Amino acid sequence: MILVVGILGCSGGDTHNNLTGTWTGPIQDSRAGRGMLLIHFSHRDTQLTGTWQQTFADPCNTTGGTLTGTASGSFDVTRQSP
């Protein structure tokens, strides 16, 4: 399972592109089917931190964790299960 989130045009110096907040939306997984993705971002300068959770009908497929990164022109958050 691979989870990739990409947001373009983010820059820590521009308040119009601040990602702080809660982001949610539908996701589709090749094994688990349709689900929901919930991300809580904290964005200060170019530093990103937060948590994420993907929820599916079968609780065995529901996972989450923490994330850290740097926002410049774009960023990707990738989760790969073994």
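The values are calculated or read from the model by the stated rules, or taken from the named source; none is laboratory data. The model shown is predicted, which means the values in this text are computed figures rather than measured ones. Ideal geometry is used to build each Cβ from the backbone, glycine not excepted, and the neighbour counts take in all protein chains shown.
Just one of the numbered conditions (1) surrounded by 15 or more Cβ atoms within 10 Å (Cβ to Cβ); (2) touching a residue at least 24 places away in the same chain (Cβ under 8 Å) is not true of His40: (2).
The sole residue among Thr20, Thr46, Thr24, Thr55 that is modelled with pLDDT of 95 or more and β-branched (Val, Ile, Thr) is Thr55.
Taking only segment 28-37 into account, find how many residues are crowded, with 16+ Cβ neighbours inside 10 Å and part of a strand (DSSP E or B). Before the answer, list the steps.
Here is the first cut: in segment 28-37, the ones crowded, with 16+ Cβ neighbours inside 10 Å are 32, 35, 37.
Keeping just the survivors that are part of a strand (DSSP E or B) gives 35, 37.
The qualifying residues number 2.
Residue-level check: of (1) part of a loop (DSSP other than H, G, I, E, B); (2) surrounded by 14 or more Cβ atoms within 10 Å (Cβ to Cβ), Gly50 misses just (1).
Is segment 69-82 home to any residue that is at pLDDT 75 or above, part of a strand (DSSP E or B) and surrounded by 10 or more Cβ atoms within 10 Å (Cβ to Cβ)? Spell out how you get there, then give the answer.
Looking only at segment 69-82, we keep the residues that are at pLDDT 75 or above, and these are 69-71.
Cutting the leftovers down to part of a strand (DSSP E or B) gives us 69-70.
Cutting the leftovers down to surrounded by 10 or more Cβ atoms within 10 Å (Cβ to Cβ) gives us 69-70.
Yes, there is a match, as at least one residue in segment 69-82 is at pLDDT 75 or above, part of a strand (DSSP E or B) and surrounded by 10 or more Cβ atoms within 10 Å (Cβ to Cβ).
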